[in-house]
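A.B. asks: I have a structure here, written as structure tokens, and I will follow up with some questions on it.
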Amino acid sequence: MIISTSTETPLRETKKLSKEQVLEQGLARARASIRSAAIARIVRTAFFMNDNDVPVGDVYRNPSTFYQSYVEMERRFKVYVYSEGELPIVHDGPCKNLYTIEGRFIHEMEHGAKRFRTNDPQRAHVYFMPFSVAWMVKYIYTPLSFDITPLKHFVSDYVKVISIKYPFWNRTHGADHFMLACHDWGPHASQGNSLLYNNSIRVLCNANISEGFNPQKYVSPPEISLIGGYLSHKLIHPPPPNTSRPYFAFFAGGLHSPIRPYLLQHWKGRDNDMQVYEYLPKNKDYYSYMLESKFCLCPSGYEVASPRIVEAIYSGCVPVILSDNYVLPFSDVLQWEAFSVQVETTKIPRLKEILSAIPEEKYRKLQEGVIVVRRHFMLN
């Protein structure tokens, strides 16, 4: 009789992980990596070849966390874009003028972002519903009716289609799905489905806390207006920081909000230092004023967001944000107080006093911050 004397433990058969488990493992590694970077507060620059790409300075809440999060995104982040829906309301959007971001993002996800897009929904971290609220307003809203029910019905029907055809919406009740809208009615359109409104990730230019925007869950993108679809040639290369800016503060715009009439009531034609207009005279140029002003006043319109904030940043002009309940773009990453001035709307009568009290050295730092963050507001 032969007796085995081996003391080796039999190898266990390794269970193959599901795609979902692989995704969760990858996310766990990414979170651990980001947490380590947050604690160390050291930017390890192996990922970028160009040191100019590395985030440094007071404009960032935690540069190392931001950097590591970006590295992890480039390394592993995947988006599945639903193919359901027909043009023009789905798979398209405005790529110029006021709602530029809405159309450009949809277009990029449909045609350009090959690195982040996956055709295998099992490999996706998030799922994008590529409908355009701006195009809903254009094609299915009855002008001057103020009835946005058709928008809600469209969103409701879209969610119903993808939830019946695929398992992914029902698996998480929409928590890993997202929509993007820069039209003012984006938040209202999302009410078409209660799970979308309460569970999903809503990327909204109209990031208004008083209308249910949760900054811990939702995303506030910048509102960018590109007239004709292009950045004005005057803003492509703004003047260096030490260039003289003869105007102290500037604003020109219509009265479509409660804040703007209040601003014009107190400052239009009242003080040469405060260049405040309802509409500029024909012989005056809007962007030239921004490029020659120290402070650019950015009051809300009908809703909280304003493209003037980004235009000010493009101009190297320190934005003065006059808005209530607005969650500023990328505010989980950027320290807005390092490159802008926020003034409560109730203090508009004291606007010149408040801005004049800013020491020159601090103003220079604010302007330097504007130049640093400019790249984060440029379209790729």
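A.B. asks: Using the Karplus curve 6.51 cos²θ - 1.76 cosθ + 1.60 with θ = phi - 60°, what ³J(HN,Hα) values do you get for each residue of the stretch 77-87, in whole Hz, with x for Gly and Pro?
C.D. replies: Once rounded to whole Hz, the list reads 5, 10, 10, 9, 9, 5, 8, 5, x, 10, 5.
A.B. asks: Would you mind pulling out the separation of the Cα centroids of the stretch 319-373 and the stretch 113-131, in Å?
C.D. replies: After rounding, the separation between the Cα centres reads 36 Å.
A.B. asks: Among 367-378, 314-325, what's the highest-first ranking by average C-beta atoms within 10 angstrom per residue?
C.D. replies: Taking the mean over residues of other Cβ atoms within 10 Å, the ranking is 314-325, 367-378.
A.B. asks: Among all cysteines in the chain, which have no other cysteine Cβ under 4.7 Å from their own Cβ?
C.D. replies: C95, C298
A.B. asks: Taking H as built 1.01 Å from N, whose amide H comes closer than 5 Å to the amide H of V276, not counting residues under 5 places away?
C.D. replies: Correct list: F251, G269.
A.B. asks: At each listed q (0.20, 0.22 Å⁻¹), what is the log10 of I(q)/I(0) that the Debye formula gives for the stretch 233-376 modelled as equal alpha-carbon point scatterers?
C.D. replies: Computed log10 I(q)/I(0) values: -1.34, -1.64.
A.B. asks: Separate question: Kirkwood hydrodynamic radius for the stretch 79-204: how many Å is it when counted over pairs of different Cα atoms?
C.D. replies: Every distinct Cα pair counted, the radius reaches 14.5 Å.
A.B. asks: With a 1.4 Å probe and every protein chain left in place, work out the accessible area per residue of the stretch 79-204 in Å², rounded to a whole number.
C.D. replies: That works out to 45 Å² for each residue.
A.B. asks: Please give the per residue accessible area of the stretch 233-376, computed with a probe of 1.4 Å over protein heavy atoms only, in Å².
C.D. replies: 46 Å²
A.B. asks: What nm distance separates the two modelled labels at I236 and D53, each placed 7 Å from Cα along Cα→Cβ?
C.D. replies: Distance between the two pseudo-spin positions: 2.4 nm.
A.B. asks: Would you please give the residues with an amide H less than 5 Å from that of V126, counting only those at least 5 places away or on a separate chain, with H modeled from the backbone geometry?
C.D. replies: Amide H neighbours of V126: K78, Y80.
A.B. asks: Out of the total accessible area of the stretch 139-289 (probe 1.4 Å, heavy atoms of protein only), what percent is carbon and sulfur?
C.D. replies: Roughly 56 percent, rounded to a whole number.
A.B. asks: Each residue of the stretch 241-254 in order: what ³J(HN,Hα) in whole Hz does its phi give by Karplus 6.51 cos²θ - 1.76 cosθ + 1.60, θ = phi - 60°, with x for Gly and Pro?
C.D. replies: With the stated coefficients, the stretch 241-254 comes to x, 7, 5, 5, 10, x, 9, 6, 8, 9, 8, 8, x, x Hz.
A.B. asks: Next up: Taking 0.36 nm per intervening residue step and subtracting the Cα-Cα distance, what contour gain separates R61 from I227 on full extension?
C.D. replies: In short, 56.5 nm is gained.
A.B. asks: For log10 I(q)/I(0) by the Debye sum over Cα atoms at q = 0.06, 0.07, 0.15 Å⁻¹, one of [x] -0.28, -0.38, -1.44; [y] -0.35, -0.47, -1.33; [z] -0.22, -0.30, -1.38 was computed from the structure I shared and the rest are decoys. Which label?
C.D. replies: [x]
A.B. asks: Can you pick out the pairs among K96/K284; K282/K352; K114/K362; K16/K217; K19/K152; K284/K347 whose Cα atoms lie more than 31 Å from each other?
C.D. replies: On the way: K96/K284 23 Å; K282/K352 26 Å; K114/K362 42 Å; K16/K217 33 Å; K19/K152 34 Å; K284/K347 28 Å.
Beyond 31 Å between Cα atoms: K114/K362; K16/K217; K19/K152.
A.B. asks: Sticking with this one: For Y60, which sequence-distant residues (separation of 5 or more, or a different chain) have an amide H within less than 5 Å of its own amide H, given hydrogens modelled in the peptide plane?
C.D. replies: Q335
A.B. asks: Sort 172-184, 133-145 for me by packing, meaning the mean count of neighbouring Cβ atoms within 10 Å per residue, highest on top. The partial results should precede the final answer.
C.D. replies: Working: 172-184: 21.6, 133-145: 16.5.
Sorting 172-184, 133-145 by mean packing, highest first, produces 172-184, 133-145.
A.B. asks: OK, next. How much mean residue ellipticity at 222 nm does the chain get from its helices, if each DSSP H run of length 4 or more adds -39500 (n - 2.57) and you divide by all residues, to the nearest 500 deg cm²/dmol?
C.D. replies: -9500 deg cm²/dmol
The values are calculated or read from the model by the stated rules, or taken from the named source; none is laboratory data. As the structure is a prediction and not an experimental result, all values here were calculated from the model. Cβ sites come from the backbone with ideal geometry, for glycine too, and all protein chains shown count toward neighbours. These accessible areas exclude ligands, DNA and RNA; they are computed on the full protein's heavy atoms, side chains included. Shrake-Rupley method; radii C 1.70, N 1.55, O 1.52, S 1.80 Å.
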